[in-house]
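Comments concern the structure below.
The values are calculated or read from the model by the stated rules, or taken from the named source; none is laboratory data. Remember, it's a predicted structure, so these values are computed and weren't measured experimentally. Cβ placement follows ideal geometry from the backbone for every residue including glycine, while neighbour counts extend to all protein chains displayed. In case anyone asks, the SASA skips ligands and DNA or RNA and just uses the protein heavy atoms, side chains included. Shrake-Rupley method; radii C 1.70, N 1.55, O 1.52, S 1.80 Å.
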Amino acid sequence: MLCDLKATNGTVLIREGQAPRRLAQNEMAILLDGDIAELGDDISLRFEEIL
């Protein structure tokens, strides 16, 4: 799960084949293999091998 915990820079979920989606405060999203979470200030996390 990815959840925006009132991040100052916001949290953006990037999923292949879809437009980037900014999560609202306290919104949760189920992560899929290959998803990228952009956390601001050029910091991103790529999630791989999620079962």
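Miscellaneous remarks
- Taking first residues from segment 1-22 that are more than 13 Å from Gly34 (Cα to Cα) and partners that are assigned to a loop (DSSP other than H, G, I, E, B) and open to solvent by 100 Å² or more (accessible area, probe 1.4 Å), the Cβ contacts under 6 Å between residues at least 6 apart in sequence or on separate chains come to Asp4/Gln25; Lys6/Gln25.
- Asp33 vs. criteria open to solvent by 60 Å² or more (accessible area, probe 1.4 Å) and in contact with a Phe, Trp or Tyr (Cβ under 8 Å, 6 or more places away or on another chain): yes
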